[in-house]
Amino acid sequence: MAHMIIDNRAHADSVPLLAVKGLVKQYPGGVTAVDGLSFTVREGTCFGLLGPNGAGKSTTIEIMEGILSPTAGEVRYRGEPLGRRFQAEAGILFQKTALQDFLSVRQTLALFRSLYDQGMSVDAAIKLCALENLVDRDNKKLSGGQLQRLLLAVALINDPAIVFLDEPTTGLDPQARRRFWELVQSIKAQRKTVILTTHYMEEAQLLCDDIVIVDHGRIIAQGTPPQLLAEYGVANLEELFLKLTGEALRS
């Protein structure tokens, strides 16, 4: 009898890094924030989740991060339910993060590094996020752009395979925003997977390899930026967003 040989590597390659299947989130009072979302995230790419205010994207991201539990559906990481492996291999930059007072940049990173069994060195995180000139500065004395670079370093300190960036450049001046984009591109160059939510369409068009646009908890468009622009006959994502949702976002 011939023996069947199974190539586990081929199977692993076919499994998306992150898969969202039939996701539903309902709140008391009959409010449905997420209404049956399904999509996959390819490893080593930047995936953009876009939508107007109240579209359900923040709820979706929090479920994907393992912070909220869904009413129905599931999120799988490397083919498995979210669990210890995901927690060890994920990094998150929240919209708002409170840091310990009276610590320097280096001390802050050392504190977070101590929470993980494995990860990158503090010096490596400082270099990756261009913090070399700020290592002895108190957290409270950082500018908005400097603080976001520190929070990005915190999100990367465990050397994650997947990084969630929830509106990371909101409130930054144009120069600080562009510098942050360069950091995200350097992260992508390391084959890390980035999940990005943003209100800046220029940011999404520059950084994202795949995009899902949601409104009222449902997907209204998905694909690569070039595919979407060609499909809807528009010149950029700002025009596409306005065409699909009737809402103009910041560019």
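FYI, it's all coordinate maths here, none of it is from the lab. Treat the numbers as computed from the prediction; the structure is a model and nothing was measured. Positions of Cβ are generated from backbone atoms using ideal geometry, with glycine treated the same way; all protein chains shown enter the neighbour counts.
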**Study point:** Whole-angstrom Cα spans of region 102-177 along principal axes, big to small
**Key:** 36, 28, 19
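Based on Cβ point charges of +1 for Lys and Arg and -1 for Asp and Glu, what charge dipole magnitude is obtained for the chain about its Cα centre, in debye rounded to the nearest 20? Walk me through the numbers on the way to the answer.
On the way: 26 positive and 29 negative charges, 79 e Å.
I would put it at about 380 debye.
Given a cut-off of under 8 Å on Cα pairs at least six residues apart, what relative contact order in percent is computed for region 125-251? Spell out each step's value before the answer.
On the way: 134 pairs, mean separation 23.4, N = 127.
Dividing the mean separation by the residue count of region 125-251 yields 18 percent.
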Point to revise | Relative packing of 170-180, 225-235, which averages over residues the other C-beta atoms within 10 Å, highest first | key: 170-180, 225-235
Revision key, fill the gap. A chain fully extended from Thr170 to Glu231 at 0.36 nm per residue, minus the present Cα-Cα distance, gains in nm 19.1 nm
**Study point:** Two-decimal ratio, region 44-115, of alpha-carbon radius of gyration to 2.2 N^0.38 Å
**Key:** 1.37
Check your understanding: Can you give the extra length, in nm with one decimal, that the chain gains between Glu182 and Ser14 once fully stretched, where that is 0.36 nm per residue apart less the Cα-Cα distance?
Key -> 57.5 nm
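Hey, what did the chain get for relative contact order, percent, Cα under 8 Å, at least 6 apart? Before the final figure, lay out the partial values.
On the way: 441 pairs, mean separation 60.5, N = 251.
Averaging sequence separation for qualifying contacts and normalising by length gives 24 percent for the chain.
Checking understanding here: applying a Kyte-Doolittle mean of at least -0.5 and a length along the axis of at least 15 Å (C-alpha), which whole DSSP H helices in the chain pass? Display every interim value, and only then the final one.
Details: long enough: 144-156 (18 Å, 1.12); 174-189 (23 Å, -0.77).
For the chain, where a helix must reach 15 Å along its axis and average at least -0.5, the hits are 144-156.
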Study note, to complete from the structure: For region 147-230, Rg(Cα) over 2.2 N^0.38 Å is 1.13
Practice item. Within 10 Å, count the other beta carbons around each residue, average over each peptide in 100-111, 45-56, and list them highest first. Key: 45-56, 100-111
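At a Förster radius of 25 Å, what calculated FRET efficiency corresponds to the Cβ-Cβ distance of Leu111 and Gln190, to the nearest 0.05?
0.60
Between Arg42 and Ile219, what length in nm is gained on full extension when 0.36 nm per residue of separation is reduced by their alpha carbon distance? Don't jump to the answer; show the numbers that get you there.
Working: separation 177, 0.36 × 177 = 63.72 nm, distance 1.78 nm.
Residue separation times 0.36 nm, minus the Cα-Cα distance, leaves 61.9 nm.
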Check your understanding: Given the Cα atoms of the chain, and with Rh set as the inverse mean 1/r over their pairs in the Kirkwood sense, what is Rg to Rh to two decimals?
Key -> 0.99
Point to revise | Stokes-Einstein D in µm²/s, Kirkwood radius over Cα pairs - region 9-132 at 4 °C with 1.567 mPa s viscosity | key: 76 µm²/s
